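Q: So that we are looking at the same thing, I have put the structure below in structure tokens.
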Amino acid sequence: MNSEELLAQERRLQFSRFGNDVAIELGLHLLDAAREQGLPIAISVRRGGHRLFHAALPGTSPNNDRWLERKARVVELFGHSSFYVGTEFREKGTTFEAESRLDPDLYAAHGGVFPVVVRGTGPVGTVGVSGLPQAEDHAFVVDQLESFLNSRDAQ
């Protein structure tokens with residue numbers, strides 16, 4: 001995917017509100033989907049830096065939690081998905097690691113963490129997974145956000 005396609009996802013996948021209850025529902029939605037698909041992933045949902053949901057399925061390790069933290073920091077700093085940020089640097093012919101001057105032990109522009117955006121407010125948190133190749137981490141989050149938001153619109 002290119003950066004324009006990734007930005008289009010961010011414009012499309014927005015919430016009307018996002019409190020603790022919605023964060024937990026979203027986390028459970030991702031957890032159910034991951035279990036159904038047998039995915040070895042860790043899941044995190046945060047608002048304003050506060051972790052509201054976390055789960056680690058069989059096949060994960062504490063390293064997945066570290067990846068989630070590093071990717072979430074990128075989203076919190078740039079306001080865009082971790083995959084978008086990494087893609088944007090690659091499209092410019094460089095890498096996030098080489099050009100951002102951010103500590104790679106603290107920041108990772110790899111796919112898997114997506115901004116939680118509230119319409120009319122902007123980014124308020126993050127939702128992410130770690131455990132699959134970065135494009136698959138990103139695709140899983142996007143698919144589940146789409147499914148979650150569509151099911152809430154139907155209520």
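The values are calculated or read from the model by the stated rules, or taken from the named source; none is laboratory data. Note that the structure is a prediction, hence the values are computed from the model and not measured. Here the Cβ is made from the backbone with ideal geometry for all residues, glycine too, and neighbour counts use every protein chain on show. Only protein heavy atoms, including side chains, enter the accessible area calculation; ligands, DNA and RNA are left aside. Shrake-Rupley method; radii C 1.70, N 1.55, O 1.52, S 1.80 Å.
Q: So Val116 passes all but one of these: (1) under 18 Å from the mean Cα position of the chain (by Cα); (2) part of a loop (DSSP other than H, G, I, E, B). Which condition number does it fail?
A: Condition (2) is where Val116 drops out.
Q: Let me ask something else. Looking at segment 29-49, can you tell me whether even one residue there is surrounded by fewer than 17 Cβ atoms within 10 Å (Cβ to Cβ) and at pLDDT below 95?
A: Checked segment 29-49: at least one residue is surrounded by fewer than 17 Cβ atoms within 10 Å (Cβ to Cβ) and at pLDDT below 95.
Q: Tell me whether segment 87-105 contains one or more residues that are open to solvent by 20 Å² or more (accessible area, probe 1.4 Å) and under 20 Å from Phe53 (Cβ atoms).
A: Checked against the condition, which is being open to solvent by 20 Å² or more (accessible area, probe 1.4 Å) and under 20 Å from Phe53 (Cβ atoms), segment 87-105 yields no hits at all.
Q: Might you let me know whether segment 118-138 holds any residue that is under 20 Å from Glu4 (Cα atoms), without any contact (Cβ under 8 Å) to a residue 40 or more places away in the chain and surrounded by 20 or more Cβ atoms within 10 Å (Cβ to Cβ)?
A: Scanning segment 118-138 turns up no residue that is under 20 Å from Glu4 (Cα atoms), without any contact (Cβ under 8 Å) to a residue 40 or more places away in the chain and surrounded by 20 or more Cβ atoms within 10 Å (Cβ to Cβ).
Q: A further question follows. Output the number of the condition that Lys71 fails; it satisfies all remaining conditions of (1) open to solvent by less than 20 Å² (accessible area, probe 1.4 Å); (2) without any contact (Cβ under 8 Å) to a residue 12 or more places away in the chain; (3) of a type in the set (Lys, Arg).
A: (2)
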